[in-house]
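The values are calculated or read from the model by the stated rules, or taken from the named source; none is laboratory data. Just so it is clear, the structure is predicted and the values come from calculations on it, not from any experiment. Quick reminder, even Gly has a Cβ in these numbers, built from the backbone with ideal geometry, and neighbours come from all protein chains shown.
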2 protein chains.
Amino acid sequence: MSGKVVALCGGVGGAKLALGLSHVVPPDDLTIIVNTGDDFEHLGLYVSPDVDTVLYTLAGIGDPVQGWGLAGESWNFMAALERLGGETWFRLGDTDLATHVERTRRLRSGDILTAVTDALARRLGIACAVLPMSDDPVRTVLDTDEGLLDFQHYFVRRQAVPKVRTIRYDGAAKAAPSSAVLAALSDPALAAVIICPSNPWLSIAPLLAIPALSDLLRASGVPVVAVSPLVDGRAVKGPTAKLMVELGHGVSAAAVATFYGDLVTGHILDDSHAFEADAIRETGAHVTVMPTLMTDLDTRIALARRSLDFARQIAHLGVRGSDV
Amino acid sequence: MSGKVVALCGGVGGAKLALGLSHVVPPDDLTIIVNTGDDFEHLGLYVSPDVDTVLYTLAGIGDPVQGWGLAGESWNFMAALERLGGETWFRLGDTDLATHVERTRRLRSGDILTAVTDALARRLGIACAVLPMSDDPVRTVLDTDEGLLDFQHYFVRRQAVPKVRTIRYDGAAKAAPSSAVLAALSDPALAAVIICPSNPWLSIAPLLAIPALSDLLRASGVPVVAVSPLVDGRAVKGPTAKLMVELGHGVSAAAVATFYGDLVTGHILDDSHAFEADAIRETGAHVTVMPTLMTDLDTRIALARRSLDFARQIAHLGVRGSDV
């Protein structure tokens, strides 16, 4: 499509579509804004898991099986750290560690996260823009039956086992989008925003919890298309379905649509959720149905292309309206 | 020998004798005080090269060929850091890195270097005491024909190529020995101090530059035995000989003895420097001659045993006196 594209993205699932988009949209026209609500300091290092997943995926060096981390990773650091009695619940590969060490060093030297991320992306040969959602700290904290848990403690240390009652995005209310995010979302050439099929509550909500960021999305006047993360009533990966039940939403594409509300003007449902399309259309949003499972590069590119086609159709029809 | 033994130690050469001592002296009776003048912060990590060389050597996990670092090390972190444009002149192995990360984390959490070193030593199964010379920062800085260089920049980055004019031990005048060092050197059961064959100017001088530490050595009343680092007019490893020339001392065991002055009561010379023994004896110090090249564990143990024998003889004869 002509015009610029912004993608909002979390980790594994979102990065797959971001990769597809990077094959379809010219690099100068593509900006990927990434959740940093999962960022944390671990072992004295600043770790930015979703940003790294996006960087590694776009650079073609990610682990193709687990979807995060690096292909061909070695784990000698972790083994040595275990021998020394260090904390080993969050697994940092030897190669991955270089990213955290270099990012931390640059942040300590006074660089902002946006600049550090950009430098890493350039070194990894990524041509499009990858932007952390903010240079201010936003931290996703879960209130669970095991008490308040920081995101990584919930997600990695406790393997998403605790039952979640509510989710907070600490710092979001005071956080500002970076100037690069502001520029991307207020660019007159912006033609579409794609919300990748990341977990809406864990990966996309932290972005939307930044007031100026969701205000910009609403004010953009361009189609905002969300790809539902649900296939066959489950998330492809991760605790989305379990979390939806715990939060009282039920596991449905309609619940995702309700969560996004009028911020999203077009919903892409997987074929397996076609039965929900009419109910969502009744809310006034556009809906289309297609295969959303991304098993290889071809399916990622296909979903990216069809997502942009859908956004283009919405633009022609008006951002709210009838079936597409 | 009965009684407690303190060894003063730098990196590679010193660690070999420290290992020998650890096989000869009961662990509760052996304290190894290690130079921290080479410590530096690199990539945001607190690196303590001499302490690590001693720890790895005593734990039996050191690289037997290069004498520093870990056996079977892998270098995937460095390769990844290079890809990201990070600083790679100081080589940090994947396994070694765990030591720096864990040490840095503990220091940042408020532990003192002595406590962190002790915890690492315990985890690595080391039974004797390994003490950094001070918890205060002392930094060896070299004034060279390329300007002022911090130790690692001189030693590693510039491979000891610059010509050294003078050496400073920044912070030493204000540094205090740790309470553990004070206790070891003022222990009534102390029977001998062994100065390992480390570079006197680079590895031992930083310890002696701490006023309270050299005062304690002088006041100890026990034999202080220095093993000369010179074999065949050269250091076994490292820039000792080159440095001695640059500092105007000439390369001789006598120059080492002159440098240590009356702080050292007994000198052990390598067989190849037997011709220097009489000249050093004329200064009033005890001198003995033996093979000092440590090529394997047996020769390390042998040198340790003979060093202690020499100290015992000196104790019988009086700390200053005639030939032994």
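Things to note:
- The range A:96-137, residues that are within 13 Å of chain B (Cβ to nearest Cβ), of a type in the set (Val, Ile, Thr) and out of contact with any strand residue (DSSP E or B) (no Cβ under 6 Å at 6 or more places or on another chain): A:Thr99, A:Val101, A:Val116, A:Ile126
- Screening the range A:42-71 for residues that are among the small types (Gly, Ala, Ser) and surrounded by fewer than 23 Cβ atoms within 10 Å (Cβ to Cβ) and picking the one that is nearest to the other protein chains (Cβ to nearest Cβ) gives A:Gly44.
- Subset of the range A:55-83 that is modelled with pLDDT of 95 or more and polar (S, T, N, Q) - its residue that is farthest from B:Thr95 (Cα to Cα): A:Thr57
- Strands (runs of 3 or more DSSP E) completely within the range B:140-252 that count 2 or more residues being of a type outside the set (A, V, I, L, M, F, W, C) and touching a residue at least 60 places away in the same chain (Cβ under 8 Å): B:164-170
- A:Thr36 vs. criteria in contact (Cβ under 8 Å) with a residue 24 or more places away in the chain, closer than 30 Å to B:Gly110 by Cβ and either at the interface with chain B (Cβ under 8 Å from one of its Cβ atoms) or hydroxyl-bearing (Ser, Thr, Tyr) (or both): yes
- Scanning the range B:72-95 for residues that are over 20 Å from B:Val51 (Cα atoms) and within 7 Å of chain A (Cβ to nearest Cβ) gives B:Ser74, B:Asn76, B:Phe77, B:Ala80, B:Leu81, B:Arg83, B:Leu84, B:Gly85, B:Gly86.
- Looking across B:Leu243, B:Leu247, one residue alone is modelled with pLDDT under 95 and in contact with a strand residue (DSSP E or B) (Cβ under 6 Å, 6 or more places away or on another chain). It is B:Leu243.
- Test: residue in the range A:32-49 that is of a type in the set (A, V, I, L, M), modelled with pLDDT under 95 and closer than 30 Å to A:Ala311 by Cβ: no
- Qualifying residues in the range B:221-230 (those that are more than 17 Å from the chain's Cα centre (by Cα) and at pLDDT 95 or above) - the one farthest from B:Leu269 (Cα to Cα): B:Val222
- If you go through the range B:54-79 and pick out every residue that is touching a residue at least 60 places away in the same chain (Cβ under 8 Å), among the aliphatic types (A, V, I, L, M) and over 26 Å from A:Gly72 (Cα atoms), you end up with 4.
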